[in-house]
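Enquirer: Quick one: this structure, given as C-alpha coordinates, is what I'll be asking you about.
The values are calculated or read from the model by the stated rules, or taken from the named source; none is laboratory data. Remember, it's a predicted structure, so these values are computed and weren't measured experimentally. Heads up, the Cβs are rebuilt from the backbone with ideal geometry, glycines too, and the neighbour counts pull from every protein chain shown.
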Ligand SMILES: [Zn+2]
(Lines give C-alpha, C1' and ligand atoms only; values in the text may rest on other atoms or scores of the structure.)
Protein backbone atom coordinates (compact mmCIF):
# COMPACT_ATOMS: atom_id res chain seq x y z
CA UNK A 1 0.00 0.00 0.00
CA UNK A 2 0.91 3.60 0.05
CA UNK A 3 3.30 4.85 2.70
CA UNK A 4 0.98 4.49 5.68
CA UNK A 5 -1.84 6.93 5.19
CA UNK A 6 0.24 9.38 3.19
CA UNK A 7 -1.10 9.52 -0.37
CA UNK A 8 1.39 8.85 -3.18
CA UNK A 9 1.27 9.63 -6.89
CA UNK A 10 0.65 5.94 -7.61
CA UNK A 11 -2.40 5.43 -5.38
CA UNK A 12 -4.80 5.49 -8.32
CA UNK A 13 -3.09 2.34 -9.64
CA UNK A 14 -4.64 0.26 -6.84
CA UNK A 15 -7.89 0.56 -8.85
CA UNK A 16 -6.15 -0.67 -11.99
CA UNK A 17 -7.10 -4.06 -13.52
CA UNK A 18 -3.44 -4.99 -13.63
CA UNK A 19 -3.07 -4.42 -9.86
CA UNK A 20 -6.23 -6.43 -9.09
CA UNK A 21 -4.76 -9.27 -11.13
CA UNK A 22 -1.39 -9.09 -9.34
CA UNK A 23 -3.18 -9.07 -6.00
CA UNK A 24 -5.36 -12.04 -6.93
CA UNK A 25 -2.40 -14.10 -8.16
CA UNK A 26 -0.35 -13.23 -5.05
CA UNK A 27 -3.16 -14.35 -2.76
CA UNK A 28 -3.67 -17.57 -4.73
CA UNK A 29 0.05 -18.40 -4.67
CA UNK A 30 0.47 -17.34 -1.00
CA UNK A 31 -2.91 -17.48 0.73
CA UNK A 32 -1.58 -17.16 4.30
CA UNK A 33 -0.37 -14.09 6.16
CA UNK A 34 3.44 -14.35 6.35
CA UNK A 35 3.72 -12.52 9.68
CA UNK A 36 1.09 -14.74 11.31
CA UNK A 37 2.93 -17.73 9.82
CA UNK A 38 6.17 -16.57 11.48
CA UNK A 39 4.22 -16.54 14.76
CA UNK A 40 2.94 -20.05 14.17
CA UNK A 41 -0.58 -18.91 13.33
CA UNK A 42 -2.63 -19.76 10.31
CA UNK A 43 -4.50 -16.71 9.04
CA UNK A 44 -5.98 -16.11 5.63
CA UNK A 45 -4.30 -13.15 3.94
CA UNK A 46 -6.39 -10.50 2.23
CA UNK A 47 -3.74 -7.91 1.41
CA UNK A 48 -1.10 -8.07 -1.28
CA UNK A 49 1.53 -5.82 0.22
CA UNK A 50 4.71 -4.33 -1.21
CA UNK A 51 7.44 -6.01 0.83
CA UNK A 52 9.43 -2.79 0.54
CA UNK A 53 7.63 0.54 0.21
CA UNK A 54 7.52 1.51 -3.49
CA UNK A 55 7.99 5.21 -2.65
CA UNK A 56 6.39 6.22 -5.92
CA UNK A 57 8.71 3.99 -8.00
CA UNK A 58 6.49 2.57 -10.78
CA UNK A 59 8.71 -0.47 -11.38
CA UNK A 60 8.65 -1.46 -7.73
CA UNK A 61 4.92 -0.79 -7.66
CA UNK A 62 4.21 -3.32 -10.43
CA UNK A 63 7.04 -5.80 -9.88
CA UNK A 64 7.17 -6.13 -6.12
CA UNK A 65 8.36 -8.14 -4.33
CA UNK A 66 4.99 -8.71 -2.66
CA UNK A 67 3.95 -10.44 0.53
CA UNK A 68 0.53 -11.66 1.63
CA UNK A 69 -0.72 -10.13 4.88
CA UNK A 70 -3.86 -10.18 6.98
CA UNK A 71 -5.43 -6.81 7.78
CA UNK A 72 -4.28 -6.89 11.43
CA UNK A 73 -0.62 -7.52 10.61
CA UNK A 74 -0.73 -5.00 7.78
CA UNK A 75 -2.02 -2.27 10.09
CA UNK A 76 0.12 -3.04 13.14
CA UNK A 77 3.29 -5.12 12.76
CA UNK A 78 4.00 -4.05 9.18
CA UNK A 79 3.40 -0.42 10.04
CA UNK A 80 5.80 -0.56 12.99
CA UNK A 81 8.48 -2.16 10.81
CA UNK A 82 8.11 0.55 8.21
CA UNK A 83 8.46 3.15 10.95
CA UNK A 84 11.81 1.52 11.77
CA UNK A 85 10.65 -0.14 14.99
CA UNK A 86 11.19 -3.74 16.06
CA UNK A 87 8.20 -5.97 16.60
CA UNK A 88 8.42 -8.49 19.42
CA UNK A 89 5.86 -11.02 20.59
CA UNK A 90 6.20 -12.53 24.03
CA UNK A 91 5.20 -15.98 25.20
CA UNK A 92 3.30 -16.78 28.37
CA UNK A 93 6.64 -17.13 30.18
CA UNK A 94 7.39 -13.47 29.41
CA UNK A 95 10.24 -14.31 27.05
CA UNK A 96 10.30 -13.07 23.45
CA UNK A 97 9.01 -15.72 21.05
CA UNK A 98 9.21 -13.96 17.70
CA UNK A 99 11.12 -10.80 16.82
CA UNK A 100 10.89 -8.97 13.52
CA UNK A 101 13.62 -6.49 12.61
CA UNK A 102 12.91 -3.43 10.46
CA UNK A 103 14.94 -3.03 7.26
CA UNK A 104 18.17 -1.01 7.35
CA UNK A 105 16.40 1.61 5.22
CA UNK A 106 13.53 1.95 7.67
CA UNK A 107 15.97 2.28 10.59
CA UNK A 108 17.96 4.96 8.79
CA UNK A 109 14.76 6.90 7.99
CA UNK A 110 13.63 6.69 11.61
CA UNK A 111 17.02 7.97 12.82
CA UNK A 112 16.79 10.87 10.38
CA UNK A 113 13.29 11.72 11.63
CA UNK A 114 14.46 11.59 15.24
CA UNK A 115 17.49 13.79 14.48
CA UNK A 116 15.23 16.34 12.78
CA UNK A 117 12.81 16.47 15.68
CA UNK A 118 15.67 16.72 18.19
CA UNK A 119 17.18 19.62 16.24
CA UNK A 120 13.77 21.25 16.21
CA UNK A 121 13.38 20.85 19.98
CA UNK A 122 16.91 22.22 20.57
CA UNK A 123 16.14 25.30 18.46
CA UNK A 124 12.84 25.78 20.25
CA UNK A 125 14.55 25.62 23.65
CA UNK A 126 17.39 28.00 22.81
CA UNK A 127 15.54 31.25 23.37
CA UNK A 128 17.81 32.99 25.88
CA UNK A 129 15.99 35.56 27.94
CA UNK A 130 17.94 37.45 30.56
CA UNK A 131 16.49 37.11 34.05
CA UNK A 132 16.08 40.86 34.32
CA UNK A 133 13.63 40.85 31.41
CA UNK A 134 11.33 38.32 32.98
CA UNK A 135 8.16 39.65 34.52
CA UNK A 136 8.74 40.10 38.23
CA UNK A 137 6.34 37.36 39.25
CA UNK A 138 8.83 34.84 37.85
CA UNK A 139 11.79 36.27 39.77
CA UNK A 140 12.60 34.72 43.15
CA UNK A 141 12.44 37.41 45.84
CA UNK A 142 15.88 37.97 47.41
CA UNK A 143 16.24 37.04 51.06
CA UNK A 144 17.94 40.31 52.07
CA UNK A 145 14.88 42.26 50.97
CA UNK A 146 16.67 44.19 48.18
CA UNK A 147 14.78 44.39 44.90
ZN1 LIG B 1 -1.32 -11.70 10.04
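Enquirer: Working only within segment 1-21, note down all residues that are more than 21 Å from residue 81 (Cβ to Cβ) and either assigned to a loop (DSSP other than H, G, I, E, B) or within 15 Å of the ligand (Cβ to nearest atom) (or both).
Expert: The answer is 9, 16.
Enquirer: Which condition from (1) under 20 Å from residue 108 (Cβ atoms); (2) buried (at least 19 other Cβ atoms within 10 Å of the Cβ) is the one that residue 74 breaks?
Expert: Of everything listed in (1) under 20 Å from residue 108 (Cβ atoms); (2) buried (at least 19 other Cβ atoms within 10 Å of the Cβ), residue 74 misses just condition (1).
Enquirer: To continue, here is another question. When the residues of segment 22-31 are filtered to those that are surrounded by 16 or more Cβ atoms within 10 Å (Cβ to Cβ) and either outside any loop (DSSP other than H, G, I, E, B) or at pLDDT below 95 (or both), which remaining residue is farthest from the ligand (Cβ to nearest atom)?
Expert: Step one: list which residues in segment 22-31 are surrounded by 16 or more Cβ atoms within 10 Å (Cβ to Cβ), which gives 22-23, 26-27, 30.
Then drop every residue that is not either outside any loop (DSSP other than H, G, I, E, B) or at pLDDT below 95 (or both), which leaves 22-23, 26-27.
Values: 22: 20, 23: 16, 26: 15, 27: 13 Å.
Only one residue tops the list, namely 22.
Enquirer: If a residue must be modelled with pLDDT under 70 and either under 29 Å from residue 55 (Cβ atoms) or in a helix (DSSP H, G or I) (or both), how many such residues does segment 133-147 contain? Talk me through it step by step, then tell me what you get.
Expert: Filtering segment 133-147 for residues modelled with pLDDT under 70 gives 137-147.
Within this subset, residues satisfying the condition of being either under 29 Å from residue 55 (Cβ atoms) or in a helix (DSSP H, G or I) (or both) are 137-138.
Residues flagged as modelled with pLDDT under 70 and either under 29 Å from residue 55 (Cβ atoms) or in a helix (DSSP H, G or I) (or both) within segment 133-147 amount to 2.
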